Amino acid sequence: MPVTSSTLADQLRQLRQQIDLALDRYSVIEEGCPDDLGEAIRYSLLAPGKRLRPILVLLAAEACGCPSERALPAACAIEMVHCYSLIHDDLPAMDDDDLRRGRPSCHRQFNEAIAILAGDALLTRAFELLSTEIHPPQLAARCCAELAKAAGARQLIGGQADDLRGVEGKQHIDRLKAIHQRKTGAMFLASLRMGGMIAEASTNQLVSLVEYGAKLGLAFQVVDDLLDVGGDEARLGKRVGKDAGRGKMTFPGLLGVDASRDLVKRLVDDACHAIAPLAPRQTTLEALARYVAERDR
Ligand code: GRG
């Protein structure tokens, strides 16, 4: 059955609720965690993000025939790693942002030291969660390896390091794609692969999810760049116009706005094509890809 935009909106609302309840539960760190650190962790983690990566974990599991609840710890773990990366990205030494998810960024609300430590604590908590809440232990180990690889020096952290040097580098579309493949794409792929692995997906099913994730991750980032040019700051909950203002490479900057929009359409079509073999359970992932292309936040 086709998923209309209103049924997708309902499904996303329910998934976010399920994820937020689990994040709330998993981020209570008792005994020994200093109050201000615990507060900073929960302030950033429970702030109203889109929860796209955890949603991908749950939908990938469902698309491969497994109840989404089983994938909830992995969904929360990837959101924790994502949240750590946002906290650290906002620091003065990196992107120096005062606003995140519509609120003062973590270091503005608390202080730099607490923000660094809250990020560190979220990163380590994610692996604690995977190793204690995913069963059997072999599956937990595979999930830990998957997330560690995506968040590590070759992917998320390496992409961030290259991006920070961006203004000095050669402005080229392939270089831009490579940075985003590492900063955004790798975490999308890890989300989908962990969901698939928890559902005991076949190799062919994992290949479909990976192809979908590669196209979706890039589409997401092109839209992110387009929103940085023409988006609404209040709706996005973060500063707009900052990339162009800093001379950073962006898709609209390199290709123009219209060609960037065409690229998004092509990528979303390719993403939907990639998961056709998962029919009949692929429809929500398809609808999600269309939502990502049309999003305004
Ligand atoms: C500090 C290791 C380290 C990495 C930082 C996340 C990141 C890497 C940088 C943030 C800047 C940026 C444009 C990253 C690309 C990925 C991206 C668009 C992140 C924001 O993700 P959303 O829009 O955020 O899903 P919410 O708040 O909705 O979860």
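Scanning residues 5 or more positions from R100 or on other chains, those with amide H under 5 Å from its amide H are S105, with H placed 1.01 Å from N in the peptide plane.
Using a simple spin-label model with pseudo-atoms 7 Å out from Cα toward Cβ, D24 and R165 lie 4.5 nm apart. With distances taken between every two different alpha-carbon atoms, the chain has a Kirkwood hydrodynamic radius of 19.4 Å. Distance between the pseudo-spin-label points of L139 and D35 (7 Å out from Cα toward the beta carbon): 4.1 nm. Sorting 61-69, 184-192 by their mean Cβ neighbour count within 10 Å, with the most densely packed peptide first, gives 184-192, 61-69. When the helices of the chain are scored as -39500 (n - 2.57) per DSSP H run of n ≥ 4 and the total is divided over every residue, the value at 222 nm lands at -22000 deg cm²/dmol.
Can you tell me how much longer the chain between E200 and R42 gets when fully stretched, taken as 0.36 nm per residue apart minus their C-alpha distance, in nm with one decimal?
Numbers: separation 158, 0.36 × 158 = 56.88 nm, distance 3.19 nm.
Difference between extended and current length: 53.7 nm.
For the pair L99 and R154, the difference between a 0.36 nm per residue extended length and the Cα-Cα distance amounts to 17.0 nm. To make sure I understand the rule: partners must be lysines, Cα under 23 Å from the Cα of K242, and not fewer than 8 residues away in the same chain. Which ones qualify? Once the sequence-local lysines are set aside, what remains near K242 is K50, K170, K177, K183.
Contact order for the chain, expressed relative to its length and based on alpha carbon pairs under 8 Å spaced 6+ residues apart, stands at 21 percent.
Which stretch or stretches of the stretch 104-137 have amide N atoms under 14 Å from the point lying 7 Å from K242's Cα along the Cα→Cβ direction? Under cut-off, by backbone N: 104-109. Here the dipole of the stretch 149-297 is about 400 debye; that uses its Cα centre as origin and unit charges on the Cβ of Lys and Arg (positive) and Asp and Glu (negative). Taking Cβ atoms as reference points and 12 Å as the exclusive limit, the residues near A74 contribute a net charge of 0, counting Lys and Arg as +1 and Asp and Glu as -1.
Every read-out reported here was derived from the displayed coordinates using simple, explicitly stated rules and does not represent laboratory data. Note that the structure is a prediction, hence the values are computed from the model and not measured. Using ideal geometry, Cβ is built from the backbone for each residue, glycine included, and neighbour counts are taken over all protein chains shown.
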